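Worksheet: one structure, shown below.
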Amino acid sequence: MWSREEMLVTLCYYISLPAGQRRVPPKHILSELSNLTGRSVGSISLRFANFNSVDPEFTDKGLKSMQGGGGHVQTTWDEFARNDGTIDSSHLLRTVTGILYSKTKKFEG
């Protein structure tokens, strides 16, 4: 099971890309995330496909993507979604920054 931190970092990368690259992420992005999370490139690619399945950019156009990821993907998406279903990137980045800061402070103290 993916950790909350892995999900949020992957979602940050996901939303930073234009829609076409969300569907087929560039290899260097998959590699960066793989190195950062310790997950395989294939696992990262599958998580992007899971996010495609809940992203209104794709679902509103009737595009199909890989279903799955349990409720984990939908729950993560919903936590940061605006009323129109798109991600509130400011909220997501504040949350990730808070997590990173709290982890850093633990190591300093």
In whole Hz, with x marking every Gly and Pro, tabulate ³J(HN,Hα) for the stretch 77-87 from phi via Karplus 6.51 cos²θ - 1.76 cosθ + 1.60, θ = phi - 60°.
4, 4, 4, 10, 7, 7, 4, 8, x, 6, 7
In the neighbourhood of W2 defined by beta carbon distances under 12 Å, the net charge of the other residues (Lys, Arg +1; Asp, Glu -1) is +1
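Mean residue ellipticity at 222 nm from the helices of the chain, using -39,500 (n - 2.57) per DSSP H segment of n ≥ 4 over the full residue count, to the nearest 500 deg cm²/dmol? Numbers along the way, then the final one.
Details: 7 runs with 76 residues, N = 109.
My calculation for the chain gives -21000 deg cm²/dmol from helical runs alone.
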Give me the percent relative contact order of the chain, please, defined on Cα pairs under 8 angstrom at least 6 residues apart.
25
Please check which bits of the stretch 45-61 a label hung off E79 would reach, taking the label as a point 7 Å along Cα-to-C-beta and the cut-off as backbone N under 16 Å.
51
Please give me the summed charge of the neighbours of L33: other residues whose Cβ is under 14 Å from its Cβ, Lys and Arg +1, Asp and Glu -1.
+1
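Mind sorting I99, I87 by how few other Cβ atoms lie within 10 Å of their own Cβ, fewest first? Don't skip to the end; give the middle numbers.
Values: I99 14, I87 21.
Lowest to highest Cβ neighbour count: I99, I87.
Coordinate-derived values only; no laboratory data. Keep in mind it's a predicted model, so treat the numbers as computed, not measured. When we count neighbours, we look across all protein chains shown, and the Cβ atoms used for this are built from the backbone with ideal geometry, even at glycine.
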